[in-house]
1. Looking only at the stretch 111-165, how many residues end up being in the same structural domain as Tyr225 (by TED's automatic domain parsing), polar (S, T, N, Q) and touching a Lys or Arg at 6+ places or on another chain (Cβ under 6 Å)?
2. In the stretch 220-252, which residue that is under 17 Å from the mean Cα position of the chain (by Cα) and among the hydrophobic types (A, V, I, L, M, F, W, C) is surrounded by the most Cβ atoms within 10 Å (Cβ to Cβ)?
3. Could you tell me which residue of the stretch 303-330 is surrounded by the most Cβ atoms within 10 Å (Cβ to Cβ), considering only residues that are part of a loop (DSSP other than H, G, I, E, B) and of a type in the set (A, V, I, L, M, F, W, C)?
4. Read through the list (1) in contact (Cβ under 8 Å) with a residue 60 or more places away in the chain; (2) surrounded by 18 or more Cβ atoms within 10 Å (Cβ to Cβ); (3) touching a helix residue (DSSP H, G or I) at 6+ places or on another chain (Cβ under 9 Å), then give the number of the only condition that Val153 fails.
5. Name every residue in the stretch 131-149 that is of a type in the set (Val, Ile, Thr) and in contact with a Phe, Trp or Tyr (Cβ under 8 Å, 6 or more places away or on another chain), in order of residue number.
6. Counting only residues that are part of a loop (DSSP other than H, G, I, E, B) and either of a type in the set (Asp, Glu) or more than 25 Å from Pro171 (Cβ to Cβ) (or both), which one in the stretch 253-271 is nearest to the chain's Cα centre (by Cα)?
7. Please go through the stretch 73-115 and pick out each residue that is touching a residue at least 60 places away in the same chain (Cβ under 8 Å), under 19 Å from Ile50 (Cβ atoms) and not in a helix (DSSP H, G or I).
8. Whether any residue in the stretch 95-103 is surrounded by fewer than 19 Cβ atoms within 10 Å (Cβ to Cβ), at pLDDT below 95 and not assigned by TED's automatic domain parsing to the domain that holds Lys189 is what I want to check.
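The values are calculated or read from the model by the stated rules, or taken from the named source; none is laboratory data. Since we're looking at a predicted model, the values are computed, not measured. Here the Cβ positions follow ideal geometry from the backbone for every residue, glycine too, while neighbour counts run over all protein chains shown.
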Amino acid sequence: MQMLKFCFGIFLLLQLLVPSSLFADQSLIVRFTDPNRQMVKPEKWLKRSIEYGKWAKGADIAITLDQHLYPTFLPMIKNYAKQHSLDISVREGTCGTSEGLINKKQVDIAGYCCPPSLTDRLPGLEFHTIGIAALAILVNPNNPVKNLTTSQVRDIFRGKITNWNQIEPAPGKKRLNLPIRPVGRLHCKTRPGHWRAILDNEDEFSPSLVEVGQISNMISVVAEYKGAIGYEVLWNLTRFKGQGKPKSVSINGVSPYDNEAIAKGSYPFYRVDNITTWKPPHLAKSKAKNLVDFISKKSIITDDIFALVPVTNLRQNGWKFKGNELIGEP
């Protein structure tokens, strides 16, 4: 009896000391890394200048962009190059491509669809946030579920909720008695945010997770299997519409298409789009900085299909910045 009282006392103490959300969710989500921390690099690396690869030889500016930023800003960059008589070489890639080319000092600017990891924070490298994009939770178009809570999404991907009959369907619809098949694309594992806003570590995901390697596979699997659930940014639903048409659900009553609510911090899952510039004099280039300033300003008028919530909207709603980099939620 004394031991039981002792354990109950410890439990009550923990409830006082630890936020209740951790008891409910058991998941500590890291959204951003510390902008004050930097990687330590050898003197030889610090002194090295930028040297373009073959794909950018002779260019005035070399830039690599991830798969979201590339189609969003490529037409603008081409027009900017023409107006300013510049040769700008732009390469499409991933966050991994950007990391590699920046580390090799082969580009002036690199684009990422995630907040930087600690290993991305190289000496002299500055991050400029362009905006955020909702990470839509996707289900099969015939699934009667219309809304999920953040906790339900996490419990589904953990494997704690295993059948759709455990979820309330849309009004007037019957419950779907079908096993849930979570689908994941666990890219950029070292970077915070994106899918790690659902569950921070790949080991937290259900053993029954169907892991896919490509965006198109995520779209097609969720579109084809009635019990599936996955996630992607809205632009990729448009980009890969030929792979099928999965349905996005609201989270806590908020649609991933509601940019105003997303800007207010009401939607829990999103990616952060960043581009970089160099600060050291032997690496900094005024032409590159001017291009970054141009892209940042133009983010306000991007086409709606890219579903990008610009920095101006985030600042207006109290998101935290250090310089031009987004480092915290409102």
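1. Final tally of qualifying residues: 3.
2. Checked the stretch 220-252; the qualifying residue surrounded by the most Cβ atoms within 10 Å (Cβ to Cβ) is Val233.
3. Leu308
4. The failed condition is (3).
5. Listed by number, the residues that qualify are Ile132, Ile137, Val145.
6. Gly265
7. Passing the criteria: Leu86, Ile88, Lys105, Asp108, Ile109, Ala110, Gly111, Tyr112.
8. So far as the stretch 95-103 goes, yes, one or more of its residues are surrounded by fewer than 19 Cβ atoms within 10 Å (Cβ to Cβ), at pLDDT below 95 and not assigned by TED's automatic domain parsing to the domain that holds Lys189.
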